[in-house]
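Peer 1: The structure that follows is given in the form of structure tokens.
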Amino acid sequence: MGLLGLLLCWSLVSIVIANEAPPLGGFLTFTPKGKNSDGTIRVDFRYKKSYLYPESCLPTFSWGCHNGDCGTITTSEYGVMDPDPSGVSCQLEGVITRSLPSDEPFDLLDQGCCWTYNSEDLFSWNMIAHVDLGRRSDTGLPNKSPITTMPPQIRVPQNRPTTYNLLAHDPDGDNVRCRYGIKNNLECSTCKTVPGFTLDENACSLSFSGSSSSGVYVFELVLEDFPRQNTTLKYHDGTSTVKYPMSLDASDPLSKIPLQFLVRVGDAVPSFVLGEYIPKYITPTVHHGTFIRTSLGKEFSFPVSAVSTKSQIKDIEISGPLNIEKTFEYDTVTGVGKAMIRWTPTANDVGEDIPICFIAQTTAEYQSELRCIIVVVEESQSESDVECTDTTMTLYVSKSSIKGFNETNLRLNDPSCLVTTNGSHIIGSVSLNSCGTQVEETLDELIFKNKMTSFDQLQDVITREHQFEIQFICKFPKKSRLSASFEAQKSDYLFTEIPFGNFSYLFQFYDSSAFTKVINPNTYPVKVKLKNMIYMGISVQSSLSNIRLFVESCRATPHDNPNDPIYYDIITNGCTKDKTTKVYSGSLKEFQFGLQAFSFIGDYEQVYISCTVILCSAGDPKTRCAQGCTNTSSARRRRSLVSETQRHSISQGPLCLDRTSSGSPGSSLNLNILVITVVFIWPLSWLLGL
């Protein structure tokens, strides 16, 4: 259909649907929520639809029953997601609750007019969702659909090959397939594949070759979940059916949901270098696929930062749940755009995995990579609550449940790792490889354990019979990117530390004693030569000005474990122990040092450098930072909760000995960059005056 025909169709349709505006895409997911008091089944549906004009985001639910008994709508709630500051588009989310008389399968269908003008001349649109509430033999519960979300528009320069990792998470742990819709199944309008784009169905990734002409392209996809083993679904009427893994039967999924969106291919970008025209994420932005746990009524927040030095970042677009909030600011000097995203779960969110996606965009319409996280919402616990990320674990204990104890007589497995408080809760926040955290391995999971215990302040040791002890555990499936040896490049370490607020430690390697060029992390593991200098820098990034970084200890270990029984001390109690180590002058927020590669590296396949760091209020003579080098350990010294943080262990590496060729000092070291981010959720105005 040509442009003239399309405009004529628009005119005809406008007579029938006067206020209908061109959609930019949409999708629908569902979560069973148990039984109502009358015996009917409650299912919550979340749907989003993006429109070209903000005034089109009206609270309407256009999904109708296509097949089976779809029950009745009992409640509905609507809201507009993150309004576009330029007023070009909008995204509407609706949360709809249905009451169903039975658990048998049914289909919901959404049809209408019209796609916004596009290069493929697609006109009407179809979306269908298949719901099956049979009780699964593996979980004992009804099936949950895959979850997804997507910003209103994706933009890509016509000359830049790009891959988008679409969010396709399944709360039941099923395999998810992303495929193009089939017209005969009412899954799409014309169901065209798009030239220049490749869809990886198993990885749910969409790759652009960088060879298409400019234009607007429509993607009409379907997400399906398949069990990992043969699974029986049983229904209330006594019947049952068996669902098979995708490798055995790819035609009969547990459920299917639509995902439809637009990709705008724009003009060529002058440079492919991230951080110039194309925005580049910088610390402390969370990585794609991160899981974060929270609970009912508890505010959840995370920062997103991106830099673009040759094109101004105008916004960081987000797509998430109802009531999500965002603040954004742009620094014209550094070219950095920063957003803080906040959300507080409500009763409707309990028991769900909530997706949040974000993408940075410049005034020249260049976009960063698409990143998404999953927020797991649990019931609020009166006594304790545990948050797990892929790098940290945090325990919250209500003060009202442990009367007689407070932050001064509680600590974690490692006696030097103390706790903090936010007023109502005691908080213990640790990384997965520090503070005495123990790791266990099963066939399917990695299990991390720590505990909060009371201790005798007079003797400063754990009592023989604990008056108070809470163990907290985080479990991760091995299919995730965690590994027992922690060798994968690490994402941000998220802590809750009071009262220093949001800050991050950055551990980097440099190519010379000038500390001006950071080594590019391209190869792994890193090969070094004996007696060549290794230059390292540790810095803290914080909005607070009156703070001071102190590196208390550094050691080399054959594993990424600061408590490894095999080690070589480089710095101890703030004093250099290795005779080749040289400390260079720097600001209060950085610590720069160098040393010669030592023979210890040659005795083990891999070696890590681990350091213990503390952040203090500058100018306070009573802090550990002010004491500097001491002859005795200060591990048992009671720290000031106001003037200094607890010790945090950070590591870098691994290193290995290059036995094949000679080198010279300053030869290239290719290492990972480790960032530890400490997140604070309470006001800091009283501290800013320090």
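Peer 1: Would you please name the residue that is nearest to Lys399 (Cα to Cα), looking only at residues in region 425-464 that are at pLDDT below 70 and either assigned to a strand (DSSP E or B) or touching a helix residue (DSSP H, G or I) at 6+ places or on another chain (Cβ under 8 Å) (or both)?
Peer 2: Within region 425-464, the match that is nearest to Lys399 (Cα to Cα) is Asp456.
Peer 1: Let me ask something additional. List every residue pair whose Cβ atoms lie under 9 Å apart, where the two residues are 6 or more positions apart in sequence or sit on different chains, the first residue falls within region 370-388 and is more than 23 Å from Ile341 (Cβ to Cβ), and the second residue, located anywhere, is at pLDDT below 75 and surrounded by fewer than 16 Cβ atoms within 10 Å (Cβ to Cβ).
Peer 2: Ser382/Ser400; Ser382/Ser401; Glu383/Ser400; Glu383/Ser401; Ser384/Ser401
Peer 1: A follow-up question, please. For residues that are open to solvent by 10 Å² or more (accessible area, probe 1.4 Å) and outside any loop (DSSP other than H, G, I, E, B), tally how many sit in region 98-112.
Peer 2: Quick first cut of region 98-112, residues open to solvent by 10 Å² or more (accessible area, probe 1.4 Å) only: 98-99, 101-102, 104-105, 107, 109, 111-112.
Subset that is outside any loop (DSSP other than H, G, I, E, B): 98-99, 107, 109, 111-112.
Count: 6.
Peer 1: Here is a check on your reading of the model: is Pro270 open to solvent by 50 Å² or more (accessible area, probe 1.4 Å) and either assigned to a strand (DSSP E or B) or modelled with pLDDT of 95 or more (or both)? Lay out the reasoning, then the answer.
Peer 2: Values: open to solvent by 50 Å² or more (accessible area, probe 1.4 Å): yes; either assigned to a strand (DSSP E or B) or modelled with pLDDT of 95 or more (or both): yes.
For Pro270, the condition - open to solvent by 50 Å² or more (accessible area, probe 1.4 Å) and either assigned to a strand (DSSP E or B) or modelled with pLDDT of 95 or more (or both) - is met.
Peer 1: OK, next. Only one of these is at pLDDT 95 or above, open to solvent by less than 40 Å² (accessible area, probe 1.4 Å) and assigned to a loop (DSSP other than H, G, I, E, B): Pro258, Pro253. Name it. Talk me through it step by step, then tell me what you get.
Peer 2: Values: Pro258 fails: assigned to a loop (DSSP other than H, G, I, E, B).
Residue meeting the stated conditions: Pro253.
Peer 1: Among the residues of region 434-446, count how many are open to solvent by 20 Å² or more (accessible area, probe 1.4 Å) and within 23 Å of the chain's Cα centre (by Cα). Step through it out loud before you land on a result.
Peer 2: First, the residues of region 434-446 that are open to solvent by 20 Å² or more (accessible area, probe 1.4 Å): 436-445.
Filter again for within 23 Å of the chain's Cα centre (by Cα), leaving 437, 439, 444-445.
Qualifying residue count for the region: 4.
Peer 1: I'm trying to understand the selection: among the residues of region 3-48, which are modelled with pLDDT under 90 and in contact with a Gly (Cβ under 6 Å, 6 or more places away or on another chain)? If you could, list the steps in order and put the result at the bottom.
Peer 2: So the first thing to find is which residues in region 3-48 are modelled with pLDDT under 90, and the list is 3-25.
Scanning region 3-48 gives no hits.
Peer 1: Continuing with the same structure: Only one of Arg264, Arg293 is of a type in the set (Lys, Arg) and either open to solvent by 60 Å² or more (accessible area, probe 1.4 Å) or free of Cβ contacts under 8 Å to residues at least 24 places away in the same chain (or both). Can you tell me which? Reasoning before the result, please.
Peer 2: On the way: Arg264 fails: either open to solvent by 60 Å² or more (accessible area, probe 1.4 Å) or free of Cβ contacts under 8 Å to residues at least 24 places away in the same chain (or both).
Checking each option against the conditions leaves just Arg293.
Peer 1: On to the next question. Among the strands (runs of 3 or more DSSP E) contained in region 522-579, which hold 2 or more residues that are modelled with pLDDT of 85 or more and open to solvent by less than 20 Å² (accessible area, probe 1.4 Å)?
Peer 2: On the way: elements: 526-528, 533-542, 547-557, 568-572.
Those strands (runs of 3 or more DSSP E) span 533-542, 547-557, 568-572.
Peer 1: Which of the residues that make up region 113-146 are of a type in the set (Phe, Trp, Tyr) and not in a loop (DSSP other than H, G, I, E, B)? Explain how you work it out, then say what you get.
Peer 2: First, the residues of region 113-146 that are of a type in the set (Phe, Trp, Tyr): 115, 117, 123, 125.
Scanning region 113-146 gives a single hit, Trp125.
Peer 1: Now for a separate question. Would you confirm whether or not region 184-207 contains a residue that is within 30 Å of Asp103 (Cβ to Cβ) and assigned to a strand (DSSP E or B)?
Peer 2: no
Peer 1: Report yes if Gly173 is in a loop (DSSP other than H, G, I, E, B), of a type outside the set (A, V, I, L, M, F, W, C), farther than 30 Å from Val269 by Cα and without any contact (Cβ under 8 Å) to a residue 24 or more places away in the chain, otherwise no. Break it down into steps so the answer makes sense when it comes.
Peer 2: Working: in a loop (DSSP other than H, G, I, E, B): yes; of a type outside the set (A, V, I, L, M, F, W, C): yes; farther than 30 Å from Val269 by Cα: yes; without any contact (Cβ under 8 Å) to a residue 24 or more places away in the chain: no.
The answer is no for Gly173.
Peer 1: How about region 59-85: which of its residues are open to solvent by 70 Å² or more (accessible area, probe 1.4 Å), in contact (Cβ under 8 Å) with a residue 40 or more places away in the chain and in contact with a helix residue (DSSP H, G or I) (Cβ under 8 Å, 6 or more places away or on another chain)?
Peer 2: Glu77 - this is the single residue of region 59-85 that is open to solvent by 70 Å² or more (accessible area, probe 1.4 Å), in contact (Cβ under 8 Å) with a residue 40 or more places away in the chain and in contact with a helix residue (DSSP H, G or I) (Cβ under 8 Å, 6 or more places away or on another chain).
Peer 1: Can you find a residue that is crowded, with 21+ Cβ neighbours inside 10 Å and in contact with a Pro (Cβ under 7 Å, 6 or more places away or on another chain) anywhere in region 196-215? Please lay out each step first, then the result.
Peer 2: If we filter region 196-215 for residues that are crowded, with 21+ Cβ neighbours inside 10 Å, which is where we start, we get 204, 206, 208.
Subset that is in contact with a Pro (Cβ under 7 Å, 6 or more places away or on another chain): 208.
Yes; the residues of region 196-215 include at least one that is crowded, with 21+ Cβ neighbours inside 10 Å and in contact with a Pro (Cβ under 7 Å, 6 or more places away or on another chain).
Peer 1: Scan region 316-326 and tell me whether some residue there is surrounded by fewer than 18 Cβ atoms within 10 Å (Cβ to Cβ), modelled with pLDDT of 90 or more and part of a strand (DSSP E or B).
Peer 2: Taking every residue of region 316-326 in turn, at least one turns out to be surrounded by fewer than 18 Cβ atoms within 10 Å (Cβ to Cβ), modelled with pLDDT of 90 or more and part of a strand (DSSP E or B).
Peer 1: In addition: For region 327-363, how many residues meet the condition of being part of a strand (DSSP E or B), of a type in the set (S, T, N, Q) and touching a Lys or Arg at 6+ places or on another chain (Cβ under 7 Å)? Before you say what the answer is, go through the steps one by one.
Peer 2: Taking region 327-363 and keeping what is part of a strand (DSSP E or B), we get 327-331, 336-343, 353-362.
Those still in the list that are of a type in the set (S, T, N, Q) too: 327, 361-362.
Next, from what is left, pick out any that are touching a Lys or Arg at 6+ places or on another chain (Cβ under 7 Å): 361-362.
Residues that pass the stated criteria total 2.
Peer 1: If Phe358 satisfies all but one of (1) within 26 Å of Asp44 (Cβ to Cβ); (2) open to solvent by 30 Å² or more (accessible area, probe 1.4 Å); (3) of a type in the set (A, V, I, L, M, F, W, C); (4) modelled with pLDDT of 90 or more, what's the number of the condition it fails?
Peer 2: It is condition (2) that Phe358 fails.
Peer 1: For region 225-242, give me the residue count where each residue is open to solvent by less than 10 Å² (accessible area, probe 1.4 Å) and either in a loop (DSSP other than H, G, I, E, B) or not hydroxyl-bearing (Ser, Thr, Tyr) (or both). Break it down into steps so the answer makes sense when it comes.
Peer 2: We begin by selecting, within region 225-242, every residue open to solvent by less than 10 Å² (accessible area, probe 1.4 Å); these are 225-227, 231, 233.
Narrowing the set further to residues that are either in a loop (DSSP other than H, G, I, E, B) or not hydroxyl-bearing (Ser, Thr, Tyr) (or both) leaves 225-227, 233.
Matching residues across region 225-242 total 4.
Peer 1: Separate question: In region 410-424, how many residues are outside any strand (DSSP E or B), open to solvent by less than 20 Å² (accessible area, probe 1.4 Å) and at pLDDT 80 or above?
Peer 2: Let us first name the residues in region 410-424 that are outside any strand (DSSP E or B), namely 412-417, 419, 422-424.
Of the ones still in play, those that are also open to solvent by less than 20 Å² (accessible area, probe 1.4 Å) are 412, 417, 419.
After this cut, where a residue has to be at pLDDT 80 or above as well, the list is 412, 419.
Looking only at that region, the number is 2.
Peer 1: Thr190 passes all but one of (1) open to solvent by less than 40 Å² (accessible area, probe 1.4 Å); (2) modelled with pLDDT under 90; which number fails?
Peer 2: Only one criterion is unmet by Thr190, namely (1).
Peer 1: Here's something else I'd like to know. Give me the pairs, please: first residue somewhere in region 27-45 and small (Gly, Ala, Ser), second residue anywhere and assigned to a strand (DSSP E or B), beta-carbon distance under 7 Å, and either six or more positions apart or on two chains.
Peer 2: Filtered contacts from region 27-45: Gly34/Arg42.
The values are calculated or read from the model by the stated rules, or taken from the named source; none is laboratory data. Predicted model, so just to flag it, every value in this text is computed and none were measured. Don't worry about glycine lacking a Cβ; one is built from the backbone with ideal geometry, like all the others, and counts go over all protein chains shown. These area figures cover heavy atoms from the full protein model, side chains too; ligands, DNA and RNA do not enter into them. Shrake-Rupley method; radii C 1.70, N 1.55, O 1.52, S 1.80 Å.
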